[in-house]
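Chemist: Once you've had a glance at the structure underneath, I'll fire off some questions.
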Amino acid sequence: MADEAFSQDYRVNWDDLDPNFHLRAAVWVDYAVNTQYLWLEQHGINQARYKELGYEPIALRLEAQYRHEATFGDTIKDTPLIDALSTDGSKWRVRHNYLKNGKGRAGSIILEGTWLDWKTRQAVAPASDIVQALNKLPRTPNYEELKSFMRDKKSTETTQ
């Protein structure tokens, strides 16, 4: 199923630095979230589609590992991989591997989340086009299938 490698390059800007002149922790997370949205947008799942559906992805858990500091002018390449996914797509975990200046691993961010309905403020299972897109992202070697986030609720696919 997985067939599309994707990555996004970021240049570390001056305002991305902490007082020690290293990339702030929040910026690593911003890169991960931005990369996920860019990848989904490449599959036609953009702001207009979110508005039509009335929901979008949200992160519920975050794990960060830092290996090498990044500083002003460095280039960080973010390569996301699906680490885990429920069959209905309602729960997902994406690992973002960071490469610094094309050389060594700078670290990783793992985001785990679901899809939040804007009106009900409840988790929903995404439409089939979203599940298909998620299944196109390459998987980690330790990929696992997650239990659905839904509790005997119908997916939004029946209403969309």
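Chemist: Which number in (1) assigned to a strand (DSSP E or B); (2) closer than 19 Å to ILE58 by Cα marks the one condition that ASP129 misses?
Modeler: The single condition ASP129 does not satisfy is (1).
Chemist: Scan ALA59, ALA48 and give me the residue that is free of Cβ contacts under 8 Å to residues at least 60 places away in the same chain and more than 16 Å from the chain's Cα centre (by Cα).
Modeler: On the way: ALA59 fails: more than 16 Å from the chain's Cα centre (by Cα).
One residue alone meets the criteria, ALA48.
Chemist: State all residues of region 1-31 that are more than 16 Å from ALA106 (Cβ to Cβ), out of contact with any Leu (no Cβ under 7 Å at 6 or more places or on another chain) and charged (D, E, K, R); if no residue qualifies, say none.
Modeler: The answer is ASP3, ASP15.
Chemist: Name every residue in region 5-25 that is assigned to a loop (DSSP other than H, G, I, E, B) and either closer than 14 Å to LEU81 by Cα or without any contact (Cβ under 8 Å) to a residue 60 or more places away in the chain (or both), in order of residue number. Quick ask: steps written out before the conclusion?
Modeler: Applying the first criterion (assigned to a loop (DSSP other than H, G, I, E, B)) to region 5-25 yields 5-7, 12-13, 18-22, 24.
Listed by number, the residues that qualify are ALA5, PHE6, SER7, ASN13, ASP18, PRO19, ASN20, PHE21, HIS22, ARG24.
Chemist: Which residue, of GLY113, GLY104, is under 27 Å from ARG24 (Cα atoms) and free of Cβ contacts under 8 Å to residues at least 40 places away in the same chain?
Modeler: From the options GLY113, GLY104, the qualifying one is GLY104.
Residue by residue, here is whether (1) part of a helix (DSSP H, G or I); (2) modelled with pLDDT under 95; (3) in contact with a strand residue (DSSP E or B) (Cβ under 6 Å, 6 or more places away or on another chain) holds:
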{"position": "TRP115", "(1), (2), (3)": "no, no, yes"}
{"position": "LYS119", "(1), (2), (3)": "no, no, no"}
{"position": "ALA133", "(1), (2), (3)": "yes, yes, no"}
{"position": "LEU137", "(1), (2), (3)": "no, yes, yes"}
{"position": "TYR143", "(1), (2), (3)": "no, no, no"}
{"position": "MET150", "(1), (2), (3)": "no, yes, no"}
{"position": "LYS154", "(1), (2), (3)": "no, yes, no"}
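Chemist: Now a separate question. Looking at (1) aromatic (Phe, Trp, Tyr); (2) in contact (Cβ under 8 Å) with a residue 12 or more places away in the chain; (3) outside any loop (DSSP other than H, G, I, E, B); (4) surrounded by fewer than 20 Cβ atoms within 10 Å (Cβ to Cβ), which one does PHE72 not meet, given that it meets all the others?
Modeler: Condition (3) is where PHE72 drops out.
So that you can scan it fast, the table gives a plain yes or no per residue for (1) in a strand (DSSP E or B); (2) aliphatic (A, V, I, L, M):
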position	(1), (2)
VAL27	no, yes
ALA32	no, yes
ARG61	yes, no
ILE82	yes, yes
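The values are calculated or read from the model by the stated rules, or taken from the named source; none is laboratory data. These numbers come from a predicted model, not from an experiment. Using ideal geometry, Cβ is built from the backbone for each residue, glycine included, and neighbour counts are taken over all protein chains shown.
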